[in-house]
Amino acid sequence: MRYVISLLFLNISAYSIPMKYFLSFILLVGAVGLILFDHYNAEYWLTPPEKRVDTKWQQEVDKVVRETKRLQTAIYLIKDIELTTTDQQFKDLIDKSKVPFHKANKGKYKLKIQIMPWIEDMEYGYLIQHEFFDETNNKVFEFNADIKIGKLW
């Protein structure tokens, strides 16, 4: 107990622990903490859920656009965006989220986005279905994005 109290008051020399070793230990613990913080992407998990949705959704869309030639031009020709959800409980979280698509004045596609929340193994997220329709209401292209948002504690 005296040892803990002396450490609290930084009376380290009373127990013959050289100060340079103590400071080295503190720096080592701090460096390991920063490495773990970066490795586990802790900054992402500390942000609000709606910002996590925006970040992950944009990353998923960018990935699909890079991999699909047809979609690279279609995302710039969106005339209308229709956003729906299957669960009204998450409606305000979805309303706060920013859709990673923009409307074009001379667009020729209608984008229907359906957001379906999921909960599995104490984790939750969204399955987002994107469907592109042309002027004749024929489905031209579709893709899904599965976004993990957080854990239920």
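What follows is calculated from the coordinates using simple rules that are stated; it is not laboratory data. Please read all numbers here as calculations on a predicted model, not as lab measurements. Neighbour counts are summed over all protein chains in view; Cβ atoms, including those assigned to glycine, are modelled from backbone coordinates with ideal geometry.
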message = Using the basic label-point model (7 angstrom from Cα toward the beta carbon), what is the I81 to T55 distance in nanometres?
response = 2.0 nm
request  = Measure up K63/K148; K51/K108; K56/K112; K56/K151 against 27 Å on the Cα-Cα distance and list the ones that go over.
outcome  = K51/K108
note = Working note, region 48-151: Cα radius of gyration (Å, one decimal) and Dmax (Å, whole number) are 13.9, 45
ask   = What relative contact order, as a whole-number percentage, does region 48-151 give when Cα pairs under 8 Å and 6 or more residues apart are counted?
value = 26 percent
inquiry  = Calculate the FRET efficiency for K108 and K151 from the Cβ-Cβ distance with a Förster distance of 30 Å, rounded to the nearest 0.05.
reply    = 0.15
ask   = When Lys and Arg each count +1 and Asp and Glu each count -1, what net charge do the other residues less than 15 Å away from E120, Cβ to Cβ, add up to?
value = -2
